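Working notes for the structure below.
The values are calculated or read from the model by the stated rules, or taken from the named source; none is laboratory data. Predicted, not measured: the structure shown is a model, and the values here were computed from it. When we count neighbours, we look across all protein chains shown, and the Cβ atoms used for this are built from the backbone with ideal geometry, even at glycine.
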Amino acid sequence: MKKLLEKLNIIPNSTLHQKLENEEALRRQVTALFGVLSSVHGADKLVLRAGKLEALNLMRSSDLTDRVIALQRIVFENPNITERPSKEQIPEILQEVEEALADMLARRSVEAELEAKVNEKMQERHEEYLQEIRTQLIKEKTGPENAQTLKKYAKLEKLEHIRLTGSTLELVRPQALDDIVGQEKGIRSLISKLASPFPQHVIIYGPPGVGKTTAARIALKEAAQLSSTPFAADAPFVEVDGTTLRWDPRDITNPLLGSVHDPIYQGARRDLADTAIPEPKPGLVTEAHGGVLFIDEIGELDPVLQNKLLKVLEDKRVQFDSPYFDPDDPNVPKYIKKLFEEGAPADFILVGATTRDPSEINPALRSRCAEVFFEPLVPQQVEQIVEGAAARLGVSIESGVAELIARYTVEGRKAVNVLSDAYGLLKYKEGKLNRELNVLGVQDVEEVLQMGRLHPYVRRKDRERSEVGRVNGLGVVGFLGSVIEIEAVAFPAAEKGKGRLRFNDTAGSMAKDSVFNAAAVFRRVTGQDLADFDVHINAVGGGRIDGPSAGIAIFLAVYSAVTAKPVPQWIGITGEISIQGRVKPVGGIVEKIFGARQAGLTHVLVPEENAPDVPNDTTEIQVTTVNTIEDVLALVFGEQIEKVS
């Protein structure tokens, strides 16, 4: 038969067989693709999908072309595909269908993976949420405490019941204004500022350890008892040290004025941070509202912070700001909204204390404050403080103890510390000797002074004699006056007119100018040229002399050295000298008179223009004013000032 067909030139057997095989392969491929679609969509959904796309009959047809068209409509979701492909186009169409199915399967795989992860995360969040609910229920039932926190609380409570002793300073601290020694004028001035129906801001100037802080605290208590005062009986007294008030210029932290804890960077309270609400934190100025804010060493406060404080003093409120605050957010608590919109109240009286000179304090701050001055303590006052402290400690002191301590310090606080150390040493000896020692002696204090390597504040010298070329000048360091010993020697120059003039290099340029002024006045007074002498001037101790106030003292030292006239050593001298011989005014008269009295001087010469600065109660010392160099010479060398008896 085969040979017959070949002879009749009908389809060759090999070609017919190949075509039949190709068509069968395409059918199997189409069937396989329908199987993939069925696995992707499901048999039922595939039938519904084919029905919607008008491909159901085509899909069930036995014709290969119909099934290919059905496959196209279902895969590409296009019911408008009607073009019947040729046998040659079917493989290419099936290739496109396979690629589309591959994309679909890949997408389905990614979606399934993502969905699995989403489900996993949702399950985790669900478990966390359930755990939070359980924790919240436990807290609501038992409170914020747990076994660990209760254990720590019990430990703190146990520590609270362990006490060694109270502070000595607290024990001997004055409890009334009358107990503060040596500051009667300053205290009256301070209480007058606070007791008024319209109290004023105050700056207290004075050396350390004279009772500035204690006076301010007691003055508030005294003022609060008056019926006319605006202070309540329980008015707060907030004390802070200006040297420790550090702050961030970005206002992230400001313990004095207050700051805002932003929810992102600083971490506000958790319930606020979760809702992105900033939390204002009022500062010490709000804590002092209705009372006194006492800033010790206010001169050390940062200048920018001082300016911010001045703004609060004017407004009597502290304003807060934050880019995270939304006034329309319904989740914002009322108190936070009020703080941002109205600010925190800060109506208080500022009392600042400083050991600086008034000229070193911010002028804007000074202009808003009344100024009160506390005086340095004299030895008799230090002795009185020591005796009072000993009475409060309940210890008897030997005669001479208070006087000894007063020689080594002019600070009340330091004097009390020395007494306290000596008291501790006495108790130590009691334990060693196993017997009670009733009296604190001079030897105990001397041992404490030696262990502390303390030196006498003022070394009193023989003031009842006169010396050539030696003069007691007066200076000021802080609020304390001191005696500056100026000495000079003079020799005829080896060659006339070529003498040398030497002065301490460390004394300062203004002191050297005073030397040249003294040389000009010396020639004017004596008619002699100082260039005919080799003169060496020395400030004993090599201290720096700020300002021209040693001019008169330098002139007298040179004059005495050249003329060999002795200068009485019981006299202290201060004043600037002009080249015309006039005595010009200087500063620090009160402090200089105090320093002269401490050093045992009995007479002080001051410029006549400084007469209003001389205090009224210059006991134990005589103050004389001078106008010209002739007045000085007449008083010093004309024996118009009597020698100390």
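Scanning the range 424-455 for residues that are touching a Ser or Thr at 6+ places or on another chain (Cβ under 8 Å) and of a type outside the set (A, V, I, L, M, F, W, C) returns a single hit, Asn438. Here Glu342, Glu300 are screened, and the one residue that is under 22 Å from the mean Cα position of the chain (by Cα) and in contact (Cβ under 8 Å) with a residue 12 or more places away in the chain is Glu300.
Selection over the range 151-175 of residues that are modelled with pLDDT of 75 or more, of a type in the set (A, V, I, L, M, F, W, C) and part of a loop (DSSP other than H, G, I, E, B) gives a count of 1. Name the residue that is farthest from the chain's Cα centre (by Cα), counting only residues in the range 409-440 that are under 22 Å from Pro456 (Cα atoms) and among the hydrophobic types (A, V, I, L, M, F, W, C). Among them, the one singled out is Leu440. Scan the range 230-242 and report the pairs whose first residue is under 12 Å from His289 (Cα atoms) and in the same structural domain as Leu194 (by TED's automatic domain parsing) and whose second residue is among the basic types (Lys, Arg) and outside any strand (DSSP E or B), with Cβ atoms within less than 8 Å and a gap of 6+ or a chain change. Qualifying pairs under 8 Å: Phe237/Arg217.
Taking the condition in the same structural domain as Ala235 (by TED's automatic domain parsing) and farther than 20 Å from Pro255 by Cβ, does Lys308 pass? No. Only one entry of Val386, Val410 meets the criterion of being free of Cβ contacts under 8 Å to residues at least 40 places away in the same chain and either under 30 Å from Lys592 (Cβ atoms) or of a type in the set (A, V, I, L, M) (or both), and that entry is Val386. Residue count for the range 59-71 under the criterion of being of a type outside the set (D, E, K, R) and without any contact (Cβ under 8 Å) to a residue 24 or more places away in the chain: the result is 4. Taking the listed residues Ile589, Ile593, Ile573, the one that is more than 20 Å from Gly469 (Cβ to Cβ), out of contact with any Pro (no Cβ under 8 Å at 6 or more places or on another chain) and either of a type in the set (Gly, Ala, Ser) or in contact (Cβ under 8 Å) with a residue 24 or more places away in the chain (or both) is Ile589, with no other qualifying.
Selection of first residues in the range 16-35 that are assigned by TED's automatic domain parsing to the domain that holds Ser61 and of second residues that are modelled with pLDDT under 80 and among the charged types (D, E, K, R), restricted to Cβ pairs under 8 Å at least 6 apart or on distinct chains, gives the following pairs, ordered by first then second residue: Glu23/Lys87.
You will find that of Asn610, Asn616, the residue that is buried (at least 20 other Cβ atoms within 10 Å of the Cβ), within 43 Å of the chain's Cα centre (by Cα) and either farther than 22 Å from Glu464 by Cβ or modelled with pLDDT of 80 or more (or both) is Asn610 and no other. Taken over the range 185-201, the criterion of being surrounded by fewer than 14 Cβ atoms within 10 Å (Cβ to Cβ), closer than 19 Å to Ser367 by Cβ and among the charged types (D, E, K, R) is satisfied by no residue.
Taking each residue of the range 38-58 that is free of Cβ contacts under 8 Å to residues at least 60 places away in the same chain and looking for partners that are part of a helix (DSSP H, G or I) and polar (S, T, N, Q) with beta-carbon atoms closer than 6 Å, six or more apart or interchain, yields Leu46/Ser38.
The C-beta contact set for the range 192-219 (first residue farther than 14 Å from Phe373 by Cα, second residue in a helix (DSSP H, G or I) and not aliphatic (A, V, I, L, M), distance under 6 angstrom, 6+ apart or interchain) comprises Gln200/Lys193.
Looking across the range 401-419, the residues that are modelled with pLDDT under 85 and of a type outside the set (A, V, I, L, M) come down to Arg407, Tyr408, Thr409, Glu411, Gly412, Arg413.
Applying the criterion of at least 1 residues that are small (Gly, Ala, Ser), at pLDDT 85 or above and surrounded by 15 or more Cβ atoms within 10 Å (Cβ to Cβ) to the strands (runs of 3 or more DSSP E) found wholly in the range 257-352 leaves 258-261.
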